[in-house]
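Beneath this line is the structure, given in structure tokens, with notes to follow.
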Amino acid sequence: MIHQLAEAAGEQIQATLDLLSAMVEIESPSDNKAAVDRCVAFVADKSSATGGRARVHRQKEFGDLLEARFGPQKSRRKPVLLLGHLDTVWPLGTLKNMPFRISTGRVWGPGVLDMKAGVAMALVAISILQEQKKLTRPVILLLNSDEEVGSNVSRPVTERLAQQCDAVFVLEPAQGLKGAYKTARKGVGNYSVRVQGVASHSGVDFERGHSAIVELARQIERITQFTELDRGITVNVGTVQGGTRSNVVAAEAQAEVDIRIAKAKDEARIGKHFRSLRVFDNKCSLHVEGGLNRPPMERTRGTVALFKRAAAYARELGFTLEEAATGGGSDGNFTSAIGVPTLDGMGAVGEGAHAAHESLLLEHMAPRTALLAAMLADAGE
Ligand SMILES: [Zn+2]
């Protein structure tokens, strides 16, 4: 079966690239609803043309979400969820300096790897399965529009649909140039630490001042110690702000902190650490808020079983599929955390997501499309 899929994916490579270039050329930064909606409308049309029953979930602030159902409407088998996003980190106009192009065996352009290629590959995989009469189970494609800004709006929809499914395949790029599938992701959170001090003239009234900057610096020393590399916990003070001028003892200072945890149970541990922070200078006050945004995607048995099946198909296709864990989050974190086996990184192979050299390796596109199709044909059996 898999060789027929591989052959068809090879024949469809130009169609895959045409679809990808059309999607990349409709720029879709997360913070521009009208732009993302144009891309969503385009993919909704393509989904319908591929035999899908498309439904758009309207959103006020961010782009609309696209849900498209393929395969039999009635089945004794639960659907598979294909999960992706159409928003990118690239502002409108990026195409001028970073146009869609194919050169040196790579495809380049804003959002090409993260993750419009994954969406194009999914639609081609579905159309191949339909042509070969192998789409025997329901498949739901869900494309979110706020993934790059935390998925706050789409999260309930993602979780609701995932609950109806017995597996989730995430169309994010594979890990590294070897293209490993991701079976674990860290959970991601943010804390903001604000200090209110007492301002004074640094020359006339120095002793009356209580520097928010000095207090924050001491807090940062403490916060930095929350990192426990052996447990997979990292705490990064990513930005600091404070003060007004060099001759004023600073009244205000603030830090933004990114946290990553590998295990769900460490959410409480890190929360306790942040709650335990106390001022060194009691004329200063401290305000700490934050928490986990995405729970970790742990390497569950269900996910490992999906990976093993994918690795076996990859061997039949003539390549070795590796498995990886990453510190970065995706919408797969949500689906895995509610207990649905989730395999991530099933999109394109490349490098430079969110960077000017964002690109994918063309040679992997057809084999990965065939692998995705094979997994859709049998997942959950
Ligand atoms: Zn992404």
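The values are calculated or read from the model by the stated rules, or taken from the named source; none is laboratory data. Keep in mind that this is a model prediction, so the values were computed, not measured. In this analysis, Cβ positions are derived from the backbone assuming ideal geometry, glycine residues included, and neighbour counts consider all displayed protein chains.
On the basis of being within 30 Å of residue 10 (Cβ to Cβ) and β-branched (Val, Ile, Thr), does residue 170 make the cut? Yes; evaluated as a whole, the condition is true for this residue. The test for being crowded, with 17+ Cβ neighbours inside 10 Å, more than 16 Å from the ligand (Cβ to nearest atom), more than 30 Å from residue 374 (Cβ to Cβ) and modelled with pLDDT of 95 or more holds for residue 274.
The residue that is farthest from residue 174 (Cα to Cα), counting only those in the range 324-339 that are within 17 Å of the chain's Cα centre (by Cα) and away from the ligand (no atom under 16 Å from the Cβ), is 338.
Among the candidates 348, 325, 366, which residue alone is over 20 Å from residue 119 (Cβ atoms) and modelled with pLDDT of 95 or more?
Step by step, each of 348, 325, 366 is checked, and only 325 is over 20 Å from residue 119 (Cβ atoms) and modelled with pLDDT of 95 or more.
Only residues that are of a type in the set (Gly, Ala, Ser), closer than 30 Å to residue 152 by Cα and outside any helix (DSSP H, G or I) were counted across the range 286-327, and they come to 5.
Condition (residue is more than 14 Å from the chain's Cα centre (by Cα), crowded, with 24+ Cβ neighbours inside 10 Å and either more than 16 Å from the ligand (Cβ to nearest atom) or more than 12 Å from residue 347 (Cα to Cα) (or both)) applied to the range 151-163: is it met by at least one residue? Yes, some residue in the range 151-163 is more than 14 Å from the chain's Cα centre (by Cα), crowded, with 24+ Cβ neighbours inside 10 Å and either more than 16 Å from the ligand (Cβ to nearest atom) or more than 12 Å from residue 347 (Cα to Cα) (or both).
Could you please let me know if residue 106 is away from the ligand (no atom under 15 Å from the Cβ), among the charged types (D, E, K, R) and within 21 Å of residue 179 (Cβ to Cβ)?
Numbers: away from the ligand (no atom under 15 Å from the Cβ): yes; among the charged types (D, E, K, R): yes; within 21 Å of residue 179 (Cβ to Cβ): yes.
Yes, satisfied.
Scan 230, 281 and give me the residue that is farther than 24 Å from residue 83 by Cβ, outside any loop (DSSP other than H, G, I, E, B) and of a type outside the set (Val, Ile, Thr). Only one candidate passes the filter, namely 230.
Would you say residue 148 is within 15 Å of the chain's Cα centre (by Cα), part of a helix (DSSP H, G or I) and away from the ligand (no atom under 15 Å from the Cβ)?
Numbers: within 15 Å of the chain's Cα centre (by Cα): yes; part of a helix (DSSP H, G or I): yes; away from the ligand (no atom under 15 Å from the Cβ): no.
Judged against the criteria, residue 148 is not a match.
Just one of the numbered conditions (1) surrounded by 21 or more Cβ atoms within 10 Å (Cβ to Cβ); (2) over 24 Å from the mean Cα position of the chain (by Cα) is not true of residue 296: (2). Would you check if residue 20 is in a strand (DSSP E or B), closer than 21 Å to residue 148 by Cα and out of contact with any Pro (no Cβ under 9 Å at 6 or more places or on another chain)? So residue 20 does not fit the description; no. Being touching a residue at least 24 places away in the same chain (Cβ under 8 Å), small (Gly, Ala, Ser) and surrounded by 18 or more Cβ atoms within 10 Å (Cβ to Cβ) holds for only one residue in 352, 328, 291, 332, and it is 332. Considering the range 340-381, and only residues there that are away from the ligand (no atom under 16 Å from the Cβ) and of a type in the set (Val, Ile, Thr), the residue that is nearest to residue 138 (Cα to Cα) turns out to be 340. Condition (residue is in contact with a Pro (Cβ under 7 Å, 6 or more places away or on another chain), of a type outside the set (Gly, Ala, Ser) and either free of Cβ contacts under 8 Å to residues at least 60 places away in the same chain or under 21 Å from residue 340 (Cβ atoms) (or both)) applied to the range 47-69: is it met by at least one residue? Scanning the range 47-69 turns up at least one residue that is in contact with a Pro (Cβ under 7 Å, 6 or more places away or on another chain), of a type outside the set (Gly, Ala, Ser) and either free of Cβ contacts under 8 Å to residues at least 60 places away in the same chain or under 21 Å from residue 340 (Cβ atoms) (or both).
Residue 194 falls short on exactly one of the conditions (1) within 29 Å of residue 72 (Cα to Cα); (2) surrounded by 16 or more Cβ atoms within 10 Å (Cβ to Cβ), and that condition is (1).
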